[in-house]
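Taking it in order: structure first as C-alpha cells, then the write-up.
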Amino acid sequence: MSASTTGKTDRVSTGKLRGAAYPLAIGLVSAALLFCSGGVAAAAGHLNVITIEGSINPASADYLIEAIRSSEADGAAALLIELDTPGGLVSSSQDIIKAMLNSEVPTIVYVTPRGAWAASAGMFVTIAANLAAMTPGSSIGAAHPVSIGGGGGSPTGGDGEGATRDVSMEKAENLLASYVESIAKHRKRNVEWVVDAVRDSVAVDAEQALELGVIDFVVADRGELLALVEGRELEMPGGSVTLKLKGVPIEFIEMTLLQEIFNFLSDPNVAVILLLGGLMGLYVEFNNPGLILPGAAGAVCLVLTGIALQILPFDWVGLILIIAGLGLLVAEIFVTSFGLLFAAGIGCFLLGGTMVFEQPDLSDLSVSFWSVLVPAVLALGLFSGVVVLALGRSLLVKQQSGVDEMIGSVGKVTSALSPQGKVFIRGEYWTSEAPEFIDEGEAVEVTSVEGLSLRVKRSLGSRRV
C-alpha cells in the first residue's frame, strides 16, 4: 500500500472516528444537561410560604427578605406571603419592596384571613408583588402618613391663601405618593387609586380592590389561589416565568427566635409599656433600697426598651418628658405638695408617651392612647401610690417595733443624767432623761421612748457597766 493510500486511509479513519465522537459527545452533554435540568425542576417543585402578622418593621422585613433569598437559593417555584398588617415603618417597607422588585422568584401576596387588612405600608408591599390576592372580608388602603403618637396629617388651615399645612407631613405625603405611583406603574396596577390611598387615606374591601385593578384575585383559601395562578406568565428580572404550582409541595418558613423577639419589641405599645415598667422598677428600688427584684426587673425592662428604641424612630422630647415624670414622682416623697407633683408626673407620662414615637415621615404606626397608654399610666400611678403607702406603713411598723424592742434595754450613761444627759445603748447615743441623778458610767434601763428621747431609770442589776 502506498504512502498516499495509507495517508488517505488514516484520514478516512480519523474522519470516521470524529464522526462517531461528535454524536457521542453531544449525547453525553445532552444527558448531563438533562440531568441538571431534572435537578432544577425537582428543586423548583415546591412553594415557600411565610406569614406576616402585625407591623412592618425591621424584624419582619428581615424575615421576608431572607425568605426571598432562601427561595432563590433552593430554587422554589414561588414565594407566597400571607399578610395581615396595620402598616409599619416606611424604611422597612422600602427594604421589602426593593427585594421583591428585584427577586428572581415570583412573589405572591395574599391578604388573609377574613378580617385581615393591608393598611398603609402593608398596601405598599401588596401592590409590589408579582401577583396580589385578598380573601373576602379583608381590606386594603388607608396609606396616609400618620405619627406613631396617633396624629394625623390633614391640613391645619381653612380655605384660601391663609391656609397652612404641616411641612413635614406634606413632604412625607408627596414622597410616598410618588413612591407608590412608581410601584403601581411597574406592576401595572391602578395608579390613580394607590395615590388616593396615600393622599386621601381611602380604603376598599377585597371585591372593590379587584374591580379597581388594585389586586389580581379574590379567593377564599390558599388552594383556590394556587389553582388560579397556575400557568400565569410573569415578567421577572431574568426573563419571563410561567407558574407551575399545581400539586407542588408547600414548605413553611418560620421566623427565627431572634426575629420573633425583635418583632415583639418593634411594637410601639410594647416599647412604651416596657419603658414605663422599667422606670417604675427603678422608682420602687429607689424608695426601698435592697429589694433587688424591682431594680433588676426595671433594668431588664429598660434594656429591652433600649433595643426597641434602636428599632423604632423616637422623639427625644417625649423621652425626656417620661423621665421627668419619674423625677416628679420621686420628688413627691420628699416634698409636701399635696399631690401636685404626683399629678404633674402622671401628666408628663401621658404627654411623653404620646410624643415619644411621633415621627410621621418615618412611620405610620400608632400608640393606642386609650387602650394602652392611659391604662398603663394609670396602673403605674396606682402602683406607685400603693408603694408609697406600703413604705409608709412599713416605716411606721418598723419604728413601732424599734420602740418596743428598745424598752427594757440596758445601756451606759456617758453624760450624767441630771435629769437629762446622754446614754449609749444598742450601739447608739441617745438623749435621755431620768427621774433622779444618775452618774456617768452607771447602768440604766429604758422605760419608754418619746420621739428621739429616752426615759430611763437606774438598772438594778448592775451599778456600773
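So the values come out like this:
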{"quantity": "Number of the exception - Arg458 against (1) surrounded by 13 or more Cβ atoms within 10 Å (Cβ to Cβ); (2) modelled with pLDDT under 90", "calculated": "(2)"}
{"quantity": "Wholly within the stretch 213-296, helices (runs of 4 or more DSSP H) carrying at least 1 residues that are outside the structural domain of Ile127 (by TED's automatic domain parsing), at pLDDT below 95 and buried (at least 17 other Cβ atoms within 10 Å of the Cβ)", "calculated": "257-265, 268-287"}
{"quantity": "Identity of the residue in the stretch 422-450, on the phi > 0 side of the Ramachandran plot and out of contact with any helix residue (DSSP H, G or I) (no Cβ under 8 Å at 6 or more places or on another chain), that ends up surrounded by the fewest Cβ atoms within 10 Å (Cβ to Cβ)", "calculated": "Gly427"}
{"quantity": "Residue in the stretch 397-413 that is on the phi < 0 side of the Ramachandran plot, touching a strand residue (DSSP E or B) at 6+ places or on another chain (Cβ under 6 Å), surrounded by 20 or more Cβ atoms within 10 Å (Cβ to Cβ) and modelled with pLDDT of 80 or more present", "calculated": "yes"}
{"quantity": "Matching residues, the stretch 195-211, being at pLDDT 95 or above, exposed (fewer than 15 other Cβ atoms within 10 Å of the Cβ) and farther than 14 Å from Thr112 by Cα", "calculated": "Glu211"}
{"quantity": "Scan of the stretch 330-364 for residues that are at pLDDT 80 or above and buried (at least 16 other Cβ atoms within 10 Å of the Cβ), ordered by number", "calculated": "Leu341, Phe342, Ala344, Gly345, Ile346, Cys348, Phe349, Leu350, Leu351, Gly352, Gly353"}
{"quantity": "Failed condition for Pro313, given (1) assigned to a helix (DSSP H, G or I); (2) in contact (Cβ under 8 Å) with a residue 24 or more places away in the chain", "calculated": "(1)"}
{"quantity": "The stretch 145-194, subset closer than 16 Å to Gln94 by Cα and in a loop (DSSP other than H, G, I, E, B), residue modelled with the highest pLDDT", "calculated": "Arg187"}
{"quantity": "Within the stretch 320-329, tally of residues that are surrounded by 18 or more Cβ atoms within 10 Å (Cβ to Cβ) and among the hydrophobic types (A, V, I, L, M, F, W, C)", "calculated": "5"}
{"quantity": "Condition check for Ala116: within 29 Å of Lys246 (Cβ to Cβ) and among the small types (Gly, Ala, Ser)", "calculated": "yes"}
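For every residue, the table says whether it meets (1) surrounded by 24 or more Cβ atoms within 10 Å (Cβ to Cβ); (2) without any contact (Cβ under 8 Å) to a residue 60 or more places away in the chain.
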site	(1), (2)
Gly54	no, no
Ser60	yes, no
Ile65	no, yes
Glu72	no, yes
Asp95	no, yes
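The values are calculated or read from the model by the stated rules, or taken from the named source; none is laboratory data. Predicted model only: the values in this text are computed from it and were never measured. Reconstructed Cβ throughout: ideal geometry from the backbone, glycine too, with neighbour counts over all protein chains shown.
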